[in-house]
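Okay, structure first, notes after.
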Amino acid sequence: MGPNCAPNLMRHNAMADRAQNHSRTGGCQFGGVRYELRAPPLKIYSRSFGISVIVRATAFALTRGSPQRWCRPTDSGRTLNCYFCPNCGSRVWHGEAARDATLSTRAARLMSPSM
Ligand SMILES: [Zn+2]
């Protein structure tokens, strides 16, 4: 069974998360893929398309869904993994394996008002 991206389901769950969960959560546009940040971000900076959040790999937890991955080489010769929702196609995060992850996300996808 794949993740469910139904917008109505997402709306309900997002509200529940906001009310009950103090950790920062985010995910794809329709909620098929969700993640949780279990430690404060290392760095947050704005870009033209949104906000990028740098987190330690150990602070990042996938809580729902089965994101698909594609890889591309970086200028420094490493491999960058990009993860996206197989249902709606939203890119959720990217990062180098076993290194700190970079979440490229719109601010609205992070539910915590403290962001
Ligand atoms: Zn999705």
Going through (1) surrounded by 14 or more Cβ atoms within 10 Å (Cβ to Cβ); (2) modelled with pLDDT under 80 one by one, residue 45 fails only at (1)
If we take the range 44-83, then strands (runs of 3 or more DSSP E) inside it with 2 or more residues that are within 18 Å of residue 28 (Cα to Cα) and without any contact (Cβ under 8 Å) to a residue 24 or more places away in the chain are 68-73
All conditions in (1) outside any loop (DSSP other than H, G, I, E, B); (2) at pLDDT 80 or above are true of residue 104 except (2)
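The values are calculated or read from the model by the stated rules, or taken from the named source; none is laboratory data. A quick note: this is a predicted structure, and the numbers were derived from the prediction, not measured. Every residue, glycine as well, gets a Cβ built from its backbone with ideal geometry; the counts of neighbours run over all protein chains shown.
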